[in-house]
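Take a look at the structure set out below.
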Amino acid sequence: MSTVTAPSGIAGTAAALRRLYFVRFAFAIVWALVMFTMASEITPAGAVLLVLYPLFDVGAAVYDAKVSRATGSPLLLYVNVAVSSVTAVGLAAACASGIPAVLRVWGAWAVVAGLVQLIVAVPRRRMGGQWAMILSGGISVLAGGSFIASAGADDPSLSNAIGYAVPGAVFFLVSALRLSRTAKSD
């Protein structure tokens, strides 16, 4: 088992977050591409992938909390761990009920996780690259509301919820690239 040590100072935190954001970008793009092939119905593989997404978020938030202690309290990141863990369980149950249930759980998660992302990113602005995280958090809140609303449509689809991962991935990529300057300033 490997351990993660918290980097010292803003430059160390920026470098660690930069790596995390590149990984999050790649994961979200690959996940969305695979999920788009099964957006019209919930297959067993699709259900596993739906549950995997918030579980990946749990791992990312744990890593973020460990490496960013020098830049502030990790409390909200641990809130995100709890919310994403509950979401994974909720999605597992919702998959058995159908697409509307999945959209409601996914939407509620997008709202709460978006708020957390927004609130965490604001104090990190001095680090650089956080405007994309602020935008991403705000958009996530709005998108979550639309997923919940679309659950009541005549023929609901997972396409919009899956598509939500793509702009999120792009925001992580932009933040990773913008963090390069801060990461090299040590």
Picked from the range 26-46 (must be assigned to a loop (DSSP other than H, G, I, E, B) and not charged (D, E, K, R)), the residue surrounded by the most Cβ atoms within 10 Å (Cβ to Cβ) is Ile42
When restricted to Gly59, Gly90, the only residue of a type in the set (Gly, Ala, Ser), within 22 Å of Ala101 (Cβ to Cβ) and either open to solvent by 40 Å² or more (accessible area, probe 1.4 Å) or at pLDDT 95 or above (or both) is Gly90
Is it fair to say Leu50 is surrounded by 19 or more Cβ atoms within 10 Å (Cβ to Cβ) and more than 23 Å from Val86 (Cα to Cα)? no
ask   = Would you call Ala149 assigned to a helix (DSSP H, G or I) and within 16 Å of Arg24 (Cα to Cα)?
value = no
Ala108 vs (1) under 18 Å from Asn160 (Cα atoms); (2) open to solvent by less than 40 Å² (accessible area, probe 1.4 Å): all pass except (2)
Of those in the range 156-179 that are in a helix (DSSP H, G or I) and of a type in the set (Ser, Thr, Tyr), the residue modelled with the lowest pLDDT is Ser175
Filtering the range 90-118 down to residues that are part of a helix (DSSP H, G or I), without any contact (Cβ under 8 Å) to a residue 24 or more places away in the chain and farther than 14 Å from Ile139 by Cα yields Gly90, Ala93, Ala94, Val105
Among Ser84, Ser159, Ser73, the single one that is under 21 Å from Pro44 (Cβ atoms) and either open to solvent by less than 60 Å² (accessible area, probe 1.4 Å) or free of Cβ contacts under 8 Å to residues at least 12 places away in the same chain (or both) is Ser159
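Does Ala121 qualify as being open to solvent by less than 50 Å² (accessible area, probe 1.4 Å) and assigned to a helix (DSSP H, G or I)?
Spelling it out, Ala121 is indeed open to solvent by less than 50 Å² (accessible area, probe 1.4 Å) and assigned to a helix (DSSP H, G or I).
The values are calculated or read from the model by the stated rules, or taken from the named source; none is laboratory data. All of these numbers come straight from a predicted model, not from anything done at the bench. With ideal geometry, Cβ positions are generated from the backbone for all residues, glycine too; neighbour counts draw on all protein chains shown. Side chains are part of the model used for accessible areas, which takes the heavy atoms of the whole protein and leaves out ligands, DNA and RNA. Shrake-Rupley method; radii C 1.70, N 1.55, O 1.52, S 1.80 Å.
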